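Let me begin by presenting the structure, written as structure tokens, before commenting on it.
Nothing in this text is a laboratory measurement; each read-out follows from the coordinates by a stated rule. Since we're looking at a predicted model, the values are computed, not measured. As a convention, Cβ positions derive from the backbone with ideal geometry for all residues, glycine included, and neighbour counts pool all protein chains shown.
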Amino acid sequence: MAVEFLPEWMVNLDEEDLAFVRRFVLASGSLKKVAAEYGVSYPTVRLRLDRLIQKIELGESGEKDPYIALVKRLAVNEKLDFDTAKLLINEYKKAKDPGQTG
């Protein structure tokens with residue numbers, strides 16, 4: 001069965017991220033195997049996976065607000081770190097709705 005569409009989270013990944021996902025799957029989810037294949041340490045691969053998870057989570061949110069979508073896009077494209085993106089989004093939401101918390 002051929003894939004007729006790509007999920008939004010997958011469309012937002014670059015080629016390097018997709019190659020990592022492929023390697024991860026072929027290694028049966030073993031970060032130790034992936035680390036050996038890349039010739040890097042386990043913590044390096046774990047950090048890479050954590051960043052990929054954040055990208056996927058941001059890509060799946062389907063944000064309608066243009067400002068929030070921009071901040072998320074900047075974070076996904078590594079123009080802005082994820083902690084800063086979260087802070088900007090939370091502060092923006094508070095400014096729009098002063099009664100809102102976190």
So which lysines can Lys93 reach, going by Cα to Cα under 29 Å and dropping same-chain residues fewer than 8 places off? Lys55, Lys64, Lys72, Lys79
Testing the spin-label approximation: label points 7 Å from Cα along Cα→Cβ at Lys86 and Glu4. State their distance in nm. 3.8 nm
So what's the net charge close to Pro7: Lys and Arg +1, Asp and Glu -1, counting the other residues with Cβ under 14 Å from its Cβ? -4
Per residue, the convex hull enclosing the Cα atoms of the chain spans a volume in Å³ of 131 Å³
Percent of alpha-carbon pairs separated by more than 18 Å within the stretch 1-56: 35 percent
